[in-house]
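Accompanying notes for the structure given below.
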Amino acid sequence: MAGITNADFLNKVVPFGFNVATLGGYSLDKPTIEASQKIIERGRKEFVFPLNTIFTHIETEVASIKKLHNDVKVSANVRATTPQPIIEVGKIKDLDIVEINCHCRQDEILAVGCGQEMLTRNDLSDFIAQVVDNVDCEVSVKIRANVDGVDTLKIAKIIEGSGADYLHIDAMKKGVFEADWELLREICNNTDIKIIGNNSVNSEENAKKMIDTGVDGFSIARSVISGNLDFNITNF
Ligand SMILES: Cc1cc2nc3c(=O)[nH]c(=O)nc-3n(C[C@H](O)[C@H](O)[C@H](O)COP(=O)(O)O)c2cc1C
């Protein structure tokens, strides 16, 4: 989570039983870094690092997690307008997963064609395939479900076809306080890519509902940052 999930934070959270720790989101090029600066100016938390330090910063953060938790996979959630900076992150020593952020909905990020705006790009498949073909680590694509004008299942199939290893879905559904379980089930039944389900896993009951959709794993954000994770995730 932007501005929150750095190595210090993740090192405290991993012992609760997580097997993947996601750093970021990080902005990696001039347009996205400027967008992040604007987001900070209006008072929202963001990670913002200059172009000449961002890649070494991520490398240091990865090393800091691996030093304490060598058995956990480390992922970096990133935004850029072109594949090249994402490829550069994908070559960072000991990074297990580079995650292309097609999820963020902050206006400043959308204005430069990134975050969930990526889902409307004609070259989305090509963009992802370029990353897949040029990195040493696994590739995840994080999307938001039910974006206006976007067919989520169609996008899931495009991402599968591009060769990504994981599809990480925030199955948000407008006007509902739970994930769109039906949509997750439909995507799991119609694709073969590994699916990481996300949204509203804030209780044992919802964790069960998430697993029942057929996802290969799930991620948790708000329950972790609020300190309200009151069930044992290692039971799942
Ligand atoms: C403060 C905050 C910052 C976030 N930043 C990011 C981000 O940088 N990249 C991303 O992919 N998702 C980001 N998210 C979304 C979460 O990772 C997650 O998809 C969303 O909160 C739904 O999951 P949850 O119900 O477990 O919280 C952020 C969420 C919050 C609350």
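Some points to look at:
- The sum of -39500 (n - 2.57) across all DSSP H runs of n ≥ 4, divided by the residue count of the chain, sets its helix-only mean residue ellipticity at 222 nm to -11000 deg cm²/dmol.
- Per-peptide average of other Cβ atoms within 10 Å, ordering 154-164, 119-129 highest first: 154-164, 119-129
- Integer Hz, Karplus 6.51/-1.76/1.60 couplings in order for the range 83-98, x for Gly and Pro: x, 3, x, 6, 4, 4, 5, x, 9, 5, 4, 6, 6, 8, 9, 9
- Spin-label model distance (nm) - Phe236 vs Glu178, 7 Å beyond Cα toward Cβ: 1.3
- Computed from the Cβ-Cβ distance with R0 of 35 Å, the FRET efficiency linking Glu205 to Asn52 stands at 0.15.
- Summarising the amide proton neighbourhood of Glu99: residues at separation of 5 or more, or on other chains, whose placed amide H is nearer than 5 Å comprise Ala76, Asn77, Val78, Ser140.
- Alpha carbon centroid spacing (whole Å) that separates the range 178-205 from the range 9-53: 25
- About its Cα centre, the dipole of the range 7-235 is roughly 460 debye, where the only charges are +1 on Lys and Arg Cβ and -1 on Asp and Glu Cβ.
- Debye, to nearest 20: dipole size of the range 150-236, +1 on Lys, Arg Cβ, -1 on Asp, Glu Cβ: 160
- The ratio of the alpha-carbon radius of gyration of the chain to the globular-protein estimate 2.2 N^0.38 Å is 0.95.
Bear in mind these aren't lab numbers, they're just calculated from the coordinates by the rules spelled out. Quantities reported herein were computed from a predicted structural model and do not represent experimental measurements. We place every Cβ from the backbone using ideal geometry, glycine too, and count neighbours over all the protein chains shown.
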